[in-house]
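Working notes, beginning with the structure itself.
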Amino acid sequence: MLLTSNAFSGKTIDSLHIALSKSKTPSEKLAVLNRLFEAALPIDDTKAMRYADRALTISEFTDDEMEKGIALYNKGLYLLNTGQSNDARTYFYNAMQIFTKNDSEIWIAKTYSQLGQVVKNNLEYEKSLELLFNAMNILEKTNKAPKSLGTVYNRIGGVYYDQGNYDKAFEFWEKNLQIREILNDSLGLMSAYNNIGEIYRFSGDYDRALEYYNDAIAINNILQKPNFFPVIYDNIGNIYINTKEYKNAARYLNKALKIATQEKNEKRQAVVYNSLGNLYLAMNEYNSAKKYFQTANDLLTKLSNIEIQRESYLGLGKSFEHLHRYKEAYNYYVRFKQLSDSISKLNSFEEIARLEMRLLFENKKQLNDIEQEKKEWMYFIIAIGLFFIIIVIAWLYGRQKIRIKHSQTAKENLELERKRLQEEIDFKNRELATNVMYMVKKNELINHISEKLIKAKLRFKKENIPVAEEIIHTLQMNVDVQIWNTFEKRFEEVHKNFYSKLNERFPKLTNRDLKLCALLRLHLSTKEIATIMHQNPSSVEVARTRLRKKLNLSNTEINLVTFLSGI
């Protein structure tokens, strides 16, 4: 069956070409071109692009709104699949307007799913989950598109995976696998096996991970999707790095690199080069490791992929550190830290942009309302000369209408102001969280480098020791010893009397309890709190359980963060 899948797609395309040649109206041609795109996309990106562009051109000459929306959706899908996420977003938004107008639930859900993937690519994880859960709720309710529902489960799992929440990722990837098995969807099964293998790899169950990876390879040996092989081989290579089977690791990583190079997939090449760098770090061959990390970094200069480039900077920092080239190591550690900070701030910047777009929309709406009022007054004045009696009634009616409208506008303005204040508090919360994490990470990095320099100083030449001591002194002068004092002062500026209210209601809370309350009030995740308080996530979960008991929330369904937000 798998061997005949491409042949079947080819026959479908041939049949659709015949249907296209017999189409007489723009609407008929548009519908066939949209079906051609769907048939061609899995096997030939170039043909699919041509069908999408022709469909968009013809859509200007037809009144079939649903097919117009599908043409816009298809163009966005092509752009997303080819890595042009931001361009794809515009097409999906335009398609969504048409689908919403026509109450097409399945297409609305599909578009939510694609937009969720777009914002995930931009590292906007919370917004991605919001869009994907919208899609999931619609598809589960309608129960008409199981394949699309599987895709949504897969993407939700991907977001949780990127956030480090592997239990949640596994839950949704298992749901996707069940759907793919029912549908006998070979391409979907291949992806599902690889994803679940990733969960087992990160949990340390390498034997189970290899079972799933090999199942995925078996399917792809039939499907022959070249771009998938580097992904799976890179994952297997990283398992062998962890198990110190370095020859096997090198064999799989070099196979991955060879295929990625043949396919001219520069992003995947960069990922494999980073893996090779980690392999040689593990083998203590630091010059070779440096070479591979540098090659990855050179490729990423063109690709602008923050996540992968961050790993290459970290690898270069470690390589130079082991080579005792501390100045270069420090420079790369700083770049690694800067990229880490930029990722944490990205969601905040996107929220600001979203608020700006909302404000522009509201302004445009108000201008349209003003223009409409002008037209109404013009018609009103013309009517005066024709019907004096009617004009009096119309004037009274118009005045009453304006008063109602003004009243509604005042209510809307109050609501907008309330939302603005809440959004301002949310922004300051994110800024506080970012600052405290930055200060903690900065101190850790400075202390780490200072310790390395102090240990290495004994091996320096006599004339270099004063220079090293001056660098150590400068680094230690930059350690911020007042992190919590600074944080608590700024926190009180945003959330006035938060601590005093807590102490008044719950006098038995310790200083550590109060710190945890403040971090939860900022909506930080367990992983982020663990980083700031120098604990592991399980300890933070235990602390949260104890805190619920002290706040008299045990055996209740009240959410801890919601409770603290109300204080």
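No lab work stands behind these numbers, since they all come straight from the coordinates. Because the structure is a prediction, the values reported are computed rather than measured. All Cβ positions, glycine included, derive from the backbone under ideal geometry; neighbour counts span all protein chains shown.
Can you list the lysines whose alpha carbon is less than 24 Å from that of LYS375, not counting same-chain residues fewer than 8 positions off?
LYS364, LYS365, LYS401, LYS405
What order do you get for 269-278, 515-524, 196-205 when each peptide is scored by the mean count of other beta carbon atoms within 10 Å, highest first?
Order by mean packing, descending: 269-278, 515-524, 196-205.
Tell me the relative contact order for the stretch 427-561 as a rounded percent, counting alpha carbon contacts under 8 Å between residues six or more apart.
Normalised by residue count, the contact order of the stretch 427-561 is 27 percent.
Once a ≥ b ≥ c are taken as the square roots of the eigenvalues of the Cα gyration tensor of the stretch 168-261, is the result rounded (a/c under 1.5), prolate (a/b larger than b/c) or oblate (a/b not larger than b/c)?
Details: a/c = 2.59, a/b = 1.32, b/c = 1.96.
Cα axes put the stretch 168-261 in the oblate bin.
Between ASN503 and LYS462, how many nm apart are label points set 7 Å from Cα along the C-beta direction?
5.8
Could you pull out the pairs from LYS264/LYS527; LYS168/LYS508; LYS527/LYS550; LYS110/LYS175; LYS120/LYS428; LYS47/LYS255 whose alpha carbons sit more than 26 Å apart here?
LYS264/LYS527; LYS168/LYS508; LYS47/LYS255
So what is the relative contact order of the chain, in percent, for Cα pairs below 8 Å that sit 6 or more residues apart?
Once normalised by length, the contact order is 5 percent.
Name all residues of the stretch 37-59 having a backbone nitrogen under 19 Å from the label point set 7 Å from the Cα of SER15 along its Cα→Cβ direction, giving them as ranges.
37-44
For TRP173, TRP484, what's the fewest-to-most ordering of other Cβ within 10 Å of each Cβ?
Listing TRP173, TRP484 from fewest to most nearby Cβ atoms yields TRP484, TRP173.
For SER554, what charge total do you get from the other residues with a beta carbon under 14 Å from its beta carbon, if Lys and Arg give +1 and Asp and Glu give -1?
Taking every Cβ under 14 Å from that of SER554, the sum is +4.
Arranged by the count of other C-beta atoms within 10 angstrom, fewest first, what order do TYR292, TYR332, TYR397 take? Don't skip to the answer; put the middle values down first.
Working: TYR292 25, TYR332 21, TYR397 11.
Ranked by crowding around the Cβ, least crowded first: TYR397, TYR332, TYR292.
Each residue of the stretch 555-560 in turn: what ³J(HN,Hα) in whole Hz from Karplus with 6.51, -1.76, 1.60 and θ = phi - 60°, glycine and Pro shown as x?
6, 10, 9, 6, 6, 4
Which residues does a label at THR142 reach in the stretch 41-72, if reach means a backbone N under 20 Å from a point 7 Å past the Cα toward the Cβ?
Once the point is set 7 Å along Cα→Cβ of THR142, 64-72 turn out to lie under 20 Å by backbone N, inside the stretch 41-72.
Sorted from fewest to most neighbouring beta carbons within 10 Å, what does the list ASP298, ASP215 look like?
In order of increasing Cβ crowding within 10 Å: ASP298, ASP215.
Once the other residues with Cβ under 11 Å from the Cβ of HIS324 are scored (Lys, Arg +1; Asp, Glu -1), what is the net sum?
Net of charged neighbours comes to +3.
Using helices alone, what [θ] at 222 nm do you get for the chain, with -39,500 (n - 2.57) per DSSP H run of 4 or more residues, divided over all residues and rounded to the nearest 500? Provide the component values of the computation, followed by the final result.
Numbers: 25 runs with 471 residues, N = 567.
So the calculated ellipticity at 222 nm is -28500 deg cm²/dmol.
Taking θ as phi - 60°, what are the ³J(HN,Hα) couplings along the stretch 311-316 by the Karplus curve (6.51, -1.76, 1.60), each to the nearest whole Hz, with x for Gly and Pro?
Listing the rounded values in order: 5, 5, 5, 4, x, 5 Hz.
Mind ranking 154-163, 16-25 by how tightly packed they are, going by the mean number of other C-beta atoms within 10 angstrom, highest first?
154-163, 16-25
With each pseudo-label sitting 7 Å past Cα toward Cβ, what's the ASN485-PHE202 distance in nm, one decimal?
Inter-label distance under the simple model: 3.9 nm.
Per-residue HN-Hα couplings for the stretch 93-104, Karplus 6.51 cos²θ - 1.76 cosθ + 1.60 at θ = phi - 60°, whole Hz, x for Gly and Pro?
Per residue, the Karplus-derived 3J(HN,Hα) values read 5, 5, 5, 4, 4, 5, 5, 5, 4, 9, 6, 8 Hz.
At 7 Å along the Cα-to-beta-carbon direction for both LEU323 and LEU560, put a label point, then send me their distance in nm to one decimal.
Simple spin-label model gives 4.6 nm for this pair.
Go through (1) 69, 65, 54; (2) 104, 72, 53; (3) 67, 56, 49 and flag the label whose value is the computed Cα extents along the principal axes in Å for this structure.
(2)
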